[in-house]
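Worksheet: the structure to be examined is printed underneath.
The values are calculated or read from the model by the stated rules, or taken from the named source; none is laboratory data. Note that this is a predicted model, so its numbers are computed, not measured. Backbone-built Cβ (ideal geometry, glycine too); neighbour counts: all protein chains shown. Quick note on the areas: whole protein, heavy atoms, side chains included, nothing else; ligands and nucleic acids left out. Shrake-Rupley method; radii C 1.70, N 1.55, O 1.52, S 1.80 Å.
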Amino acid sequence: SAALRLAEAGQKTLLMASGQSALHFSSGSIDLLESKGDPRAALPAFMAANPEHPYNKVGLTHIAASLDDLQRHCAAQG
């Protein structure tokens, strides 16, 4: 995602990988939060119960913006 955003911003981008990633087993999946319905609705309670979780460092606004961006990219790819 970071390489894609940098490339869109006109930055020269090189993405390197080594070994086999989890994408081999779960391509197309996004692990946000296991919950019934929209996981975004469960995020505030999860974050309050887990103050040291990285989601708290990122913040709800950035998580929502990242998901919106991902949905835009997926829609563009059909």
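Can you name the residue in region 25-44 that is assigned to a helix (DSSP H, G or I) and at pLDDT 75 or above and, of all such residues, is surrounded by the most Cβ atoms within 10 Å (Cβ to Cβ)? If you could, list the steps in order and put the result at the bottom.
Of all residues in region 25-44, those assigned to a helix (DSSP H, G or I) come to 25-26, 39-44.
The next check asks that each one be at pLDDT 75 or above; those that pass are 39-44.
Working: PRO39: 16, ARG40: 14, ALA41: 11, ALA42: 15, LEU43: 18, PRO44: 11.
Among those residues, the one meeting the criterion is LEU43.
With respect to (1) open to solvent by less than 70 Å² (accessible area, probe 1.4 Å); (2) assigned to a helix (DSSP H, G or I); (3) modelled with pLDDT of 90 or more, the lone exception for ALA48 is condition (1).
When region 40-78 is examined, which residues are found to be aromatic (Phe, Trp, Tyr) and within 16 Å of ILE30 (Cα to Cα)?
First pass over region 40-78, keeping only residues aromatic (Phe, Trp, Tyr): 46, 55.
Within region 40-78, just TYR55 meets the criteria.
Apart from one condition, ALA22 fits all of (1) closer than 18 Å to SER1 by Cα; (2) at pLDDT 90 or above; the exception is (2). Annotation: SER66 fulfils all but one of (1) over 20 Å from ALA3 (Cβ atoms); (2) of a type in the set (Ser, Thr, Tyr); (3) assigned to a helix (DSSP H, G or I); the unmet one is (1).
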